[in-house]
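The values are calculated or read from the model by the stated rules, or taken from the named source; none is laboratory data. Predicted, not measured: the structure shown is a model, and the values here were computed from it. In this analysis, Cβ positions are derived from the backbone assuming ideal geometry, glycine residues included, and neighbour counts consider all displayed protein chains. Each accessible area value is taken on the protein alone, full model and side chains, heavy atoms only, with ligands, DNA and RNA left out. Shrake-Rupley method; radii C 1.70, N 1.55, O 1.52, S 1.80 Å.
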Amino acid sequence: MQAGKPILYSYFRSSCSWRVRIALALKGIDYETVPINLIKDGGQQFSKDFQALNPMKQVPTLKIDGITIHQSLAIIEYLEEMRPTPRLLPQDPKKRASVRMISDLIAGGIQPLQSTAGIYCVGDEVTMADLCLVPQVANAERFKVDLTPYPTISSINKRLLVLEAFQVSHPCRQPDTPTELRA
């Protein structure tokens, strides 16, 4: 097992990194951030040091428990298995399948949500699907995408953004956030 805090290699604006930061915050896991600027110096993810850590040259990457994990959903699934509270995947297998389906859709090929929501994406507890939703909505808003045709997505997003884990993990509050973009 790895001694010390987990290390998250992250970029403040990366939606993939953001969903992992939310999971870490929800689970109360203290971690160290190593900023990987995807623009500076032609993209720090292309450095030999980072490529040795993650051959895919992508963020996020999490070093935890003596292993290195790439890909946000794999990281979140690992955290769920090793630190199961609070749950990000419902106990009910049908709801768990829905959470995974929505998470994959958002992370892999952002598609409009079907109306399976309760208070959040699937029911009334925050799940992995919600961790995927908020960063994608933020990117859509950043690029001025009209979300009015998606009232379910917008209302779920608003409810999630008031939760502490979503606030502390927000890109405007990260150590590598440029001063002019800080909240």
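In table form, for the structure just shown:
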| read-out | value |
| --- | --- |
| Extended-chain gain in nm, criterion 0.36 nm per residue less alpha-carbon gap, Val145 and Val162 | 4.0 nm |
| Local electrostatic count, Pro171, Cβ distance below 15 Å [Lys/Arg +1, Asp/Glu -1] | +3 |
| Nearest-20 debye value, the chain charge dipole, Cβ charges on Lys, Arg, Asp, Glu | 140 debye |
| Local net charge near Thr152, Cβ-Cβ under 14 Å (Lys/Arg +1, Asp/Glu -1) | +1 |
| Accessible carbon and sulfur surface of the chain relative to its total accessible area, %, 1.4 Å | 54 percent |
| Heavy-atom surface of the chain, accessible at 1.4 Å and reported per residue (Å²) | 53 Å² |
| Approximate spin-label separation Ala183-Lys94, in nm, with each point projected 7 Å along Cα-to-Cβ | 3.6 nm |
| Distant-in-sequence amide H partners of Ser10 (H built 1.01 Å from N, under 5 Å) | Val34, Ile36 |
| Farthest positive-ward along the chain dipole, Cα basis, beta-carbon charges - from Pro86, Thr152, Phe166 | Thr152 |
| Compactness of segment 113-179 - radius of gyration and Dmax, Cα, Å | 12.4, 39 |
| CD proxy at 222 nm, helix term only [per DSSP H run n ≥ 4: -39500 (n - 2.57); per residue of the chain; nearest 500] | -12500 deg cm²/dmol |
| Extension reserve of the Ile67-Ile119 stretch, reckoned as 0.36 nm per residue once the Cα distance is removed | 15.2 nm |
| Alpha-carbon gyration tensor eigenvalues x 5, square-rooted, for the chain, Å | 26, 20, 15 |
